[in-house]
Every structure is written in structure tokens, then in C-alpha cells.
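We did not get these values from a lab; they are worked out from the coordinates using the rules stated. Treat the numbers as computed from the prediction; the structure is a model and nothing was measured. Don't worry about glycine lacking a Cβ; one is built from the backbone with ideal geometry, like all the others, and counts go over all protein chains shown.
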Amino acid sequence: MSLVTITDDNFEKEVLKSDIPVIIDFWAEWCSPCRLIAPIMDELAEEFNGKIKVGKLDVDSNQQTAIKYGVRSIPTVLMLKDGEVKEVVIGAVPKAMFVDKINSLL
């Protein structure tokens with residue numbers, strides 16, 4: 001499964017109503033650390049295909065959702081299950097940290 005583009009408009013459908021856990025990478029084009037974790041997000045989408053949904057939300061064009069969830073620095077990765085935030089990861093971190101947190105969601 002490839003990454004899902006998440007927007008203010010489709011957030012409810014793609015995230016809140018998802019029947020599997022969702023990981024959202026809040027990012028922006030100009031953010032260097034965001035580019036560091038982008039390949040990790042791609043890998044997670046492949047490795048956990050069918051178990052989780054991995055999405056990216058561009059904070060520059062989708063500010064309402066970023067504000068609602070208190071995203072003040074990027075990259076911020078939110079992990080939601082049943083519409084509730086279960087984990088928050090701020091900054092560029094190793095893939096192993098994401099995998100540990102995903103496994104605790106499943």
C-alpha cells in the first residue's frame with residue numbers, strides 16, 4: 001500500500017473513520033528533517049500493509065488539522081487508533097522507534 005495524502009477535507013474519512021490504526025506524518029516541502037523520515041514512512045507503509053494506514057499531511061496547505069492536533073514543529077508523526085491519538089513522535093527519529101510504537105498499537 002502506498003502513502004495516503006491526508007488533507008483537512010479528507011481527515012475524518014481517512015483517519016477518524018479508519019478501521020485500522022493510522023500514522024500521519026505532518027510535514028512541509030521546506031523541512032529538511034521531514035525529508036529524512038520520508039523514506040521511512042514509505043517503508044512502513046509497505047511493511048505494515050493492511051495492518052496500518054500511513055499518510056502524509058502537508059502543514060502548509062492543511063493548517064486546520066495541524067492546529068487542531070497541536071502540531072508546532074515538524075516533522076510530527078501522530079499514531080491514531082479508533083480516532084484517538086495514541087502516540088506522538090516529534091523530529092527525525094530512527095525507523096526502529098516507529099516500528100516499536102506501531103507494534104504497541106497492533
Notebook entry, point to check: Just to be sure, is D25 surrounded by 18 or more Cβ atoms within 10 Å (Cβ to Cβ), under 23 Å from N103 (Cβ atoms) and not β-branched (V, I, T)?
Noted result: yes
Check: Out of all the residues in region 44-70, which are of a type in the set (V, I, T) and closer than 14 Å to C31 by Cα?
Finding: V59
Margin query: When the residues of region 84-103 are narrowed to those that are without any contact (Cβ under 8 Å) to a residue 60 or more places away in the chain and part of a helix (DSSP H, G or I), which ends up surrounded by the most Cβ atoms within 10 Å (Cβ to Cβ)?
Written below: K101
Check: Cβ-Cβ below 7 Å, separation at least six or inter-chain, first residue in region 28-50 and without any contact (Cβ under 8 Å) to a residue 60 or more places away in the chain, second in a helix (DSSP H, G or I) and surrounded by fewer than 17 Cβ atoms within 10 Å (Cβ to Cβ): which pairs?
Finding: I40/K95; E43/K95
Note to self: Can you tell me which residue is surrounded by the fewest Cβ atoms within 10 Å (Cβ to Cβ) among those in region 37-83 that are β-branched (V, I, T) and part of a helix (DSSP H, G or I)?
What the structure shows: I67
Note to self: Every residue in region 1-17 that is surrounded by fewer than 20 Cβ atoms within 10 Å (Cβ to Cβ), without any contact (Cβ under 8 Å) to a residue 60 or more places away in the chain and under 21 Å from Q64 (Cβ atoms), please.
What the structure shows: L3, V4, T5, T7, D8, D9, N10, E12, K13, E14
Check: Given the conditions (1) within 21 Å of V93 (Cβ to Cβ); (2) out of contact with any strand residue (DSSP E or B) (no Cβ under 6 Å at 6 or more places or on another chain), which single one is not true for L44?
Finding: (2)
Checklist line | Breaking point among (1) part of a loop (DSSP other than H, G, I, E, B); (2) within 19 Å of R72 (Cα to Cα); (3) not small (G, A, S), for D9 | finding: (2)
Notebook entry, point to check: When region 71-98 is examined, which residues are found to be among the polar types (S, T, N, Q) and within 22 Å of K17 (Cβ to Cβ)?
Noted result: T76
Next item on the list: Pull up region 85-106, narrow it to residues that are under 13 Å from the mean Cα position of the chain (by Cα) and of a type outside the set (A, V, I, L, M, F, W, C), then point me to the one that is farthest from K51 (Cα to Cα).
Entry: G91
Notebook entry, point to check: Would you say V71 is among the hydrophobic types (A, V, I, L, M, F, W, C), more than 21 Å from D100 (Cα to Cα) and in contact (Cβ under 8 Å) with a residue 40 or more places away in the chain?
Noted result: yes
